[in-house]
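Undergrad: One structure, pasted below without further comment.
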Amino acid sequence: MSDETSMNDDDPSDESDVAIERRLAVLREEHQDLDAAVQALEDRPQPDMLQIARLKKKKLALKDQIGQLEDRLMPDIIA
């Protein structure tokens, strides 16, 4: 039991870092999927510009979320 306690009490941020990495992976995949969808729509003879604009807006929101999570993983070291 003392082994379990020492493993879990080392650094409580480890678990949250793992959760952040998982979330980042999901967001990056969603971003790639949206990119592919935008490309497919743009390749059509008469693309739906409104749909493309909506997807691009979602892509930007995902990119912002990805950036925020990456910043949480690697905080600035300006002292």
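No lab work stands behind these numbers, since they all come straight from the coordinates. Bear in mind that the values here come from a model prediction, so they are computed numbers and not experimental data. All Cβ positions, even for glycine, are placed from backbone atoms using ideal geometry, and neighbour counts span all protein chains on display.
Undergrad: Among 62, 45, 34, whose Cα lies farthest out toward the positive end of the dipole of region 12-73, if unit charges sit on the beta carbon of Lys, Arg (+1) and Asp, Glu (-1)?
TA: With unit charges placed on the Cβ atoms, the residue in question is 45.
Undergrad: Tell me, in nm to one decimal, what length is gained between residue 20 and residue 42 on full extension, where the rule is 0.36 nm per residue of separation less the Cα-Cα distance?
TA: Contour length minus the Cα-Cα distance gives 4.7 nm.
Undergrad: Here is a follow-up. Over region 12-73, what is the mean sequence separation of C-alpha contacts under 8 Å (at least six apart), divided by residue count, expressed as relative contact order in percent?
TA: Reported as a whole number, the value is 45 percent.
Undergrad: Multiply the residue gap between residue 35 and residue 71 by 0.36 nm, knock off their C-alpha separation, and tell me the result in nm, one decimal place.
TA: 10.7 nm
Undergrad: While we're on this one: Using the Cα centre as the reference, give the magnitude of the dipole from point charges on the C-beta atoms of region 12-73 (Lys, Arg: +1; Asp, Glu: -1; all else neutral), rounded to the nearest 20 debye.
TA: That gives region 12-73 a dipole magnitude of about 380 debye.
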